[in-house]
């Protein structure tokens, strides 16, 4: 064994991989910033690749790596050839993915938009805050939050917010009414970017990390748990999360609807959860409210359709309610995004449709087609 | 039922059901399509040409479509009753370790009220009835989950327009598989099962194709199965149920089509195709700057792991400024160039489905 010194000098966090001669990924490492990592590897041919959050892939040339230590530098600007012994020239393959930014349109926004916040943390139940402040939207990573955006003349929008939103974009022109959000958590962004690009091994690695962080950010753990349902087979069998991780999410965070959904499906596929237990979990998830991940919502519908008794009116009532959520959902959105008459979705009864604050009251910046509300987190 | 017996397989096998509905003569207002029929025949051709690329070798292909002069595969009319019989036989054919593959191409709808995915059979509109001849694909998916087969991949190449556009109330459709009582099932019924579902278009959007040609999705699917979707697995190269979406969408994007496919329902990630040898990749190699290319002879070299020496695999004088196009195995090579004065440059490269174009920098 010899040591491969891997120096990563990129402005953004990244996922670094070492790929061997047969293109197998032999090691994956999450690199939060500028770091030097020492990796023990047998001699051979390797290539180092880093994927940054915005979808950019940077690769070293393949390396003839002998029994002496070799140094690989990955940085923003390629060093000139021969600049430093042992440093390989870089090449980059730019693949920019636009995330959450609405393209400007030369139309003036309409003025009557109002924002309100549904949130739930611990056993507080769902609470509608029609006068939210910035900290209500951008703080409290333990709570589940849905932003309600209402325009007097159009279908209201309800969007699940990530644990740590960075910027919220509201586009409201005569031809468009859209809401999107950018997540400050780069691991979540990268997990989804890798998923969309078909890089499931990288996504699985990050999804497991998300599930592990459930104490600090339970909604983020729910994202990881739902993603892991189709990805866990990408992990070595001994590295796959045990069912107990999902059970902890389900039991210890009873305000997260995605927890029982992930537990039931993971358990069904592991052969450790039976039909009756799964049905109870799906009914429990529906009682908790709207799942915050679109995929979780669709899996909830699947679970209820599969297991609910067609003769049991109370179970069929739950199924009908979930169908109304699904019918209002935008299947292209990662986070749950519903459009339509959504006042009753939290079983709280209708509120005044136009309750809420204006974006300006939240310190939003006006753009050509709407508003941007930013968290002003460090590094923005 | 028209079933092609591709091979007697001793052990786990793949069973395919291919449906292409193009004629809807009983229902006014629904136009006939040519693309689904060509798509169905094209898929059957691909399947029977590649039986051993499946992890579990291909054993049977059942084809429901309309006859076409250019093709001599036996087929059965895709009426509702025939589809129901074929679906049941196909599901029953699958043993625990078998793989069940469905490709369906034709008119499709989505019910806005309860999100049913509805597929029209060729006898839709018989006796003035619509919904009795429409397959509720979502219901079938749920009932198929208790099938013995652990791996299923359903590919639905159909529009998902809102059913309400037909202006006929009560969009329901019928399941073709027996209803199951899943609430009482034991813990192992879904164990290790993977039910991949790929929809050629998103809900309430269209899938499309050119007249008398396989659909865009069908073309993209075959490109993905040929090489684009192959990935390195634990025991060689594989295509898994979830590997297809990204390369199919990449192909649709290359065609500049707005249509995008999406995966649904998949929980597991089972292998459908497998090979010990790498897939063949259509790659291109060139020099940078391009002006040097006409002066340089390019070659691909492999390292001899015993001696450490480099061995030439292929060499090519590239006479013009267009790149050297060559089909190579996915793996690492040394790309080398030599000019008339015997000056050499080389670069170690990885060629795979995601990286198939390389340039060799040449000093000024």
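When you work out D = kT/(6 pi eta Rh) for chain B at 37 °C and 0.692 mPa s, using the Kirkwood radius from C-alpha pairs as Rh and the Stokes-Einstein form, the result is 146 µm²/s. For the residues B:97, B:223, B:325, a GNM of chain B with alpha-carbon springs under 10 Å puts the largest fluctuation on B:325. Based on the convex hull around the alpha carbon atoms, the stretch B:231-292 presents an average projected area of 6.9 nm². Give the separation of the Cα centroids, the stretch A:215-252 to the stretch A:157-176, in Å. Comparing the Cα centres of the stretch A:215-252 and the stretch A:157-176, I get a distance of 27 Å.
Computed from Cα atoms alone, the Kirkwood hydrodynamic radius reported for the stretch A:229-314 is 13.2 Å.
Overall size of the stretch B:10-66 from C-alpha positions, given as principal axis extents largest first: 48, 16, 13 Å.
Springs between Cα atoms under 10 Å define the GNM used for chain B, and in it the highest mean-square fluctuation of B:171, B:274, B:340 occurs at B:340.
Across every direction, the projection of the convex hull enclosing the Cα atoms of the stretch B:1-142 has a mean area of 9.1 nm². Computed packing ranks the peptides B:53-64, B:341-352 as B:53-64, B:341-352, most packed first, by mean other Cβ atoms within 10 Å.
Look at the alpha carbon pairs under 8 Å that are at least 6 residues apart: their mean separation over the length of the stretch B:1-48 gives a relative contact order of 32 percent. Principal-axis analysis of the Cα atoms of chain B puts helix B:35-49 at an angle of about 60° to the longest axis. Take the alpha carbon gyration tensor of the stretch B:167-268, find the square roots of its eigenvalues, order them as a ≥ b ≥ c, and report rounded if a/c is under 1.5; if not, report prolate when a/b exceeds b/c, else oblate. Oblate, since a/c reaches 1.5 and b/c is not below a/b. Centroid-to-centroid, using Cα positions, the stretch B:343-364 and the stretch B:37-93 are 43 Å apart. Counting only other chain Cβ atoms within 10 Å of each residue's Cβ, the peptide B:178-185 averages 5. Per-residue shielding of A:302-315, expressed as the average number of other chain Cβ atoms within 10 Å of the residue Cβ, stands at 3.
One compactness figure for the stretch B:62-108 is 1.29, namely its Cα radius of gyration divided by 2.2 N^0.38 Å. Counts of other chain beta carbons within 10 angstrom of each beta carbon in peptide A:271-279 average 5. Helical content of chain B, expressed as a calculated mean residue ellipticity at 222 nm, amounts to -4500 deg cm²/dmol (DSSP H runs of 4 or more residues, -39,500 (n - 2.57) each, divided by residue number, nearest 500). Relative to the longest principal axis of the Cα atoms of chain B, the long axis of helix B:245-254 lies at roughly 70 degrees.
Axis angle, to the nearest 10 degrees, between helix B:80-93 and the longest C-alpha principal axis of chain B: 60 degrees.
Here, each number is a calculation from the coordinates, and none is a lab measurement. Remember, it's a predicted structure, so these values are computed and weren't measured experimentally. Don't worry about glycine lacking a Cβ; one is built from the backbone with ideal geometry, like all the others, and counts go over all protein chains shown.
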